[in-house]
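Worksheet for the structure shown next.
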Amino acid sequence: MENKNILKKGERIDQLYSQDVQIIQNSHYFAFSLDAVLLANFVYSNHRQKLKIVDLCAGNGAIGIFLHHKLGGMFTEVELQPQIADMAERTIMLNNLQDRYTVINDDIANINNYIPKDSIDIVLCNPPYFPVTAQSQKNPNKALAIARHEIATNLVTVVQKMSDLLKMNGHGYLVHRPDRLGEILQVCQENRLAPKRIQFIYPKPNRDANILLLEVIKDGRPGGVKVVPPLVVHGENNEYTPTVRELLYGK
């Protein structure tokens with residue numbers, strides 16, 4: 001399918017040059033951000049060909065697509081909003097990855113209607129970050145409100161479903177906000193997910209962290225949490241730091 005025929009009104013194609021993939025974007029509904037690139041980078045490489053991977057709250061499928069070289073096996077992208085799930089399906093076609101990727105257009109709460117419990121090796125999630133407030137409920141752009149605020153799902157459901165899906169010793173990867181770290185760790189431990197690796201992302205030097213990356217292991221041994229070196233996104237000149245520039249554009 002030619003690129004010009006795969007796009008719908010208001011859509012564009014963005015390229016992640018470092019991974020040589022193209023992603024269909026629509027800023028009215030959903031567009032992947034640096035968070036997706038950072039989470040994909042945080043995932044350990046694993047080229048076993050029989051891996052089963054699920055991306056919850058998948059949006060337009062960006063995180064899963066970014067990992068197509070890094071992880072072997074089959075990906076399932078789970079997205080609630082039909083118009084965004086449709087973008088994910090067309091993005092898969094755009095990158096000729098139909099043989100490895102499928103999209104489920106449903107609430108993640110229903111995922112075990114499609115995928116058995118305790119059957120998945122890796123679960124990824126870039127969930128809505130913000131608790132529901134009166135302001136988020138009034139956001140005129142419903143699609144963006146659902147993507148950003150816990151209107152259609154919440155942290156507890158995300159963690160429960162991640163745990164339900166994972167095999168024993170399966171790995172879960174989550175990107176979230178540092179100000180919710182205490183809550184995140186508590187909910188993970190209540191759901192048999194042992195925190196194992198944390199990275200904090202800083203927007204600029206001398207600023208507080210604004211992104212948290214977390215790796216958990218289903219039924220992993222308690223203790224042994226690694227806080228890996230931090231990553232700074234922008235230098236004082238507001239340009240991307242060399243590390244982040246490489247994540248986006250390659251070497």
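Looking only at residues of segment 138-170 that are among the β-branched types (Val, Ile, Thr) and at pLDDT 55 or above, we find that the one that is farthest from ASP219 (Cα to Cα) is THR153.
Residue-wise test of (1) open to solvent by 20 Å² or more (accessible area, probe 1.4 Å); (2) part of a loop (DSSP other than H, G, I, E, B); (3) not polar (S, T, N, Q).
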| site | (1), (2), (3) |
| --- | --- |
| GLN49 | yes, yes, no |
| GLY64 | no, no, yes |
| MET87 | no, no, yes |
| ILE92 | no, no, yes |
| ILE104 | yes, no, yes |
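Being at pLDDT 90 or above, within 18 Å of CYS57 (Cβ to Cβ) and open to solvent by 70 Å² or more (accessible area, probe 1.4 Å) is the filter here, so list the residues in segment 1-39 that pass it. Listed by number, the list is empty, since nothing qualifies. In contact with a strand residue (DSSP E or B) (Cβ under 9 Å, 6 or more places away or on another chain), assigned to a loop (DSSP other than H, G, I, E, B), more than 24 Å from SER33 (Cβ to Cβ) and open to solvent by less than 30 Å² (accessible area, probe 1.4 Å): does that describe GLY170? No.
The values are calculated or read from the model by the stated rules, or taken from the named source; none is laboratory data. Quick caveat: nothing in here was measured; it's all calculated off a predicted structure. When we count neighbours, we look across all protein chains shown, and the Cβ atoms used for this are built from the backbone with ideal geometry, even at glycine. What goes into the accessible areas is simple: the full protein's heavy atoms, side chains included, and nothing from ligands, DNA or RNA. Shrake-Rupley method; radii C 1.70, N 1.55, O 1.52, S 1.80 Å.
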